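Take a look at the structure below.
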Amino acid sequence: MLTRSQKKLKQSAVQSSALRTSVVQSLEVQEETCAICCDALHHDALHQIKTLHSGPNWKHRFHDNCIDEWYLACIETKKTPCCPLCPGTEFPDDYVPSSTTYIRQYAFKMFNSITSSPVIAPYIGIMVCMNGNWLFKMTNLNLYGSHDDLEYNMPYYHEFTLWRIKDKILDMNKTIYDKFGDPNETWTNTFSYLFNSKYKYPKLKIMNTCYTIPPKCVSFGEMDMSAIDDSSTLRDIYVDYHTQLEKMKIDPSTDSQTLEHIHNISTETSWISEDHRFITGYSNPENPKVIRSGYFPWAWIAIHLEYEYEKPK
């Protein structure tokens, strides 16, 4: 038979055990609660669970839309994105919002990294095509009118339009004709510009403009350029292009070869140069072994050309 003191000790042990169980259960509940919205973590049509980082016996998990909103709010307020539960832990450098609602905002973030750079570097690549075939790529098209423009108007580079790109390409008609000619040219065509045109070489006209994915794709059915017109700026083109590219990354219907091409032009890589320097950059789409140090992910458009001959007079 237990004495009074033994009964108190036993009662105290039971209460302590119950308290420990309650604390453990409370912690278990807490682990299954999103720390941002305080709702329970569960998978359904509206919510997916994303683990931001973890340790051997713990995970910091959130609803994907909650943590994406948190991340983008940090970006918009120009704060370093950190874990809501441990502010000293930054988001991974390659973090990409998984909710498609926020992908366009992620593309804006990529563009903002370009505008915040102290140097204006090209970020729109151009594939020049004719007769359905790829001719050459351009990554250094000068959109300025002169060297003076280049010196004094660099802040306005992002405001150049698609029309400016097209106009510059059309001005290259002599260069393109001298280098590539026209396999479909007839004697009638030749006489039309030799004797009736003051330029003495055929003009070019643009048949189609579309987004493309290097290395040498001249069109890409999955990418829609309908939101872009001649008045769209380089900023508009870049954000729209990378919004679609990020959506294709998470689209299960995107084939493996396309994903490889997307990875080559949008994922930062690193390598050791021949002189033993550590270099980071983005793959050259024509030669994946060559790294462009200090460049940004590019947006690529294909411009399909055709020669335009004057009618004989």
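Please treat every number below as a calculation from the coordinates, not as lab data. All figures in this text were calculated on a predicted structure; none of them were measured in a lab. When we count neighbours, we look across all protein chains shown, and the Cβ atoms used for this are built from the backbone with ideal geometry, even at glycine.
Close amide-amide hydrogen proximity is noted between C82 and F91, each under 5 Å apart and 5 or more residues distant or on a separate chain (H modeled in the peptide plane; Pro and chain starts excluded).
Amide hydrogen proximity for L135: with H placed 1.01 Å from N in the peptide plane, the residues at 5 or more positions away or on another chain lying under 5 Å are V128, C129, M130.
Using alpha carbons only, the radius of gyration of region 34-95 set against its Kirkwood radius gives Rg/Rh = 0.96.
In region 34-95, taking the dipole from charged Cβ atoms about the Cα centre, the farthest positive-side position among Q48, C38, W58 is held by W58.
The label-point distance for T33 and D93, in a model that sets each label 7 Å from Cα toward Cβ, rounds to 3.7 nm.
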